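Data block below; observations after.
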Amino acid sequence: MWWANTVAIGSGMGEAFGRGLLRAAGVEGDSLDLSRKLGGDRPTVVRVLVELSAVLTSIDVGFNDLDEETALSIVRAVRPRDKLTFLGLRSCGIGASGAKEIAEFIQFSAVPTDCNLLHNNLDVESATMLAKIGTEKGIMLSGIKRHQTEADFSYHGLQSADGILIASDLRVSAVLKTIVLSGNSIRDEGAIALGESLKTNKSLEGLELRSCDIGPEGAKGLADALASGSAVLTDCSLIKNTFDVESAKTLAKIAAEKRIMLSGMKRDQKEASFFNQGLEPADAILITSDMQFMAVLTRLDVRGNFRMGDDEKQALRTATNGRQDFVLQM
């Protein structure tokens, strides 16, 4: 109750009260990371956040079970000051309507404000709207830092909309070399957006999209990007998606021309095991494509993958024929 009354009284004092709160909390500088750290009386905490936001240049309140209205109240607090360089709102329940207000904020902010908007309730349309503005303004939307060379989002529960935001960041980043998105429901919409970003990105060399619920349309989007000749990508992991044989063959044909790995194996790998991983015919095609670039591979285990067809098995045998002391377990 004391804190609630203090905040209620102090809120009329403007920035002076916010800076006093920072000093009382022992915070030095204008940056505050509160991700996964908020507790206490929620209405009071929200009012404190609004006061703090008005004096900070960077604030992260992600993963605190905040709702959309609370997230937007922070946006409204920082907007008049127009000095924020980072705003972390991951998993704050932001939907399509909230996305519109955030889009307006980042579009007209004089200071480029990088964000983390992943894991909200955005749909493909609202994510695409944000991505368009992010690309035009050179603003990061997924929490990836501009100096980052590697990013790992594996098994983070991401959806198509998140894939679209990350794709926008690939257009902005000039130094990111590898990104791991495996185990997320990126789906066709996210894969197509990622493919479009690869056409302009000049730094990304490794992309992992294993088990991302990507179908033939998403595969086509990625294939178009790889065929464009502008992508610098050399290593992919695309197995365990829902490609059909035709889309896998298209990817394999382009990969052969561009010398791109598709299965997640490494060129200098000596042994590889896909034992009992539920591989489909399309996966076998991607693995076979990689064999041509793996001169030192001596053992490949694909046992227990009962959905692989006879044609795909024979293609693997053909790819390993003539390799001295090579062991193919199938």
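Coordinate-derived values only; no laboratory data. Here the structure is a predicted model, which is why all the values come from computation and not from measurement. Cβ sites come from the backbone with ideal geometry, for glycine too, and all protein chains shown count toward neighbours.
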In what sequence do Met308, Met129, Met330 fall when counting other Cβ within 10 Å, fewest first?
Met330, Met129, Met308
Of the candidate values [x] 34; [y] 24; [z] 31, the one computed for percent of Cα pairs over 35 Å apart from this structure is [x]
Residues Glu51, Glu257, sorted so that the one with the fewest Cβ neighbours within 10 Å comes first:
Glu257, Glu51
Mind pulling up the Rg/Rh value for the range 238-330? Radius of gyration and Kirkwood radius, both on Cα.
0.92
Calculated [θ] (222 nm, deg cm²/dmol) that DSSP helices of n ≥ 4 give over the chain, each run adding -39,500 (n - 2.57):
-13500 deg cm²/dmol
Run the simple label-point estimate for Ser228 and Ser73 please: 7 Å along Cα→C-beta, distance reported in nm.
4.3
For the range 146-163, take each phi angle, set θ = phi - 60°, evaluate the Karplus expression 6.51 cos²θ - 1.76 cosθ + 1.60, and give the result in whole Hz per residue in order, putting x for glycine and proline.
5, 8, 5, 9, 9, 9, 10, 10, 4, 6, 9, x, 7, 10, 3, 4, 5, x
Taking the Cβ of Lys266 as the centre, find all other residues whose Cβ is under 13 Å away and add up their charges (Lys, Arg: +1; Asp, Glu: -1).
-4
Within 14 Å, Cβ to Cβ, of Ser35, how many net charges do the neighbouring residues add up to if Lys/Arg are +1 and Asp/Glu are -1?
0
Report the FRET efficiency, 1/(1 + (r/R0)^6), for His147 and Gln269, where r is their Cβ-Cβ distance and R0 is 41 Å, rounded to 0.05.
0.85
Fully extended contour minus Cα-Cα distance, from Asp65 to Lys199, at 0.36 nm per residue:
44.6 nm
Relative to the longest principal axis of the C-alpha atoms of the chain, give the angle of the C-alpha long axis of helix 187-198, reported between 0 and 90° and rounded to the nearest 10°.
90
Here the FRET efficiency for Asp310 versus Ala256, based on Cβ atoms and R0 = 22 Å and rounded to 0.05, is 0.50
Could you give the angle, 0 to 90 degrees to the nearest 10, between helix 310-320's Cα long axis and the longest principal axis of the Cα atoms of the chain?
80
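Would you please give the FRET efficiency between Leu38 and Gln107, computed as 1/(1 + (r/R0)^6) with r the Cβ-Cβ distance and R0 = 30 Å, to the nearest 0.05?
So, using R0 = 30 Å, E works out to roughly 0.60.
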As straight-line cross-link partners of Lys177, the qualifying aspartates and glutamates (C-alpha separation under 13 Å, not fewer than 8 residues apart within one chain) are Glu150, Asp152, Asp169, Glu205, Glu208, Asp235
With 0.36 nm assigned to each residue of separation and the Cα-Cα distance removed, Arg317 to Asp82 gains 78.3 nm
Asp67, Asp235, Asp114, Asp311 arranged by Cβ crowding within 10 Å, fewest neighbours leading
Asp311, Asp67, Asp235, Asp114
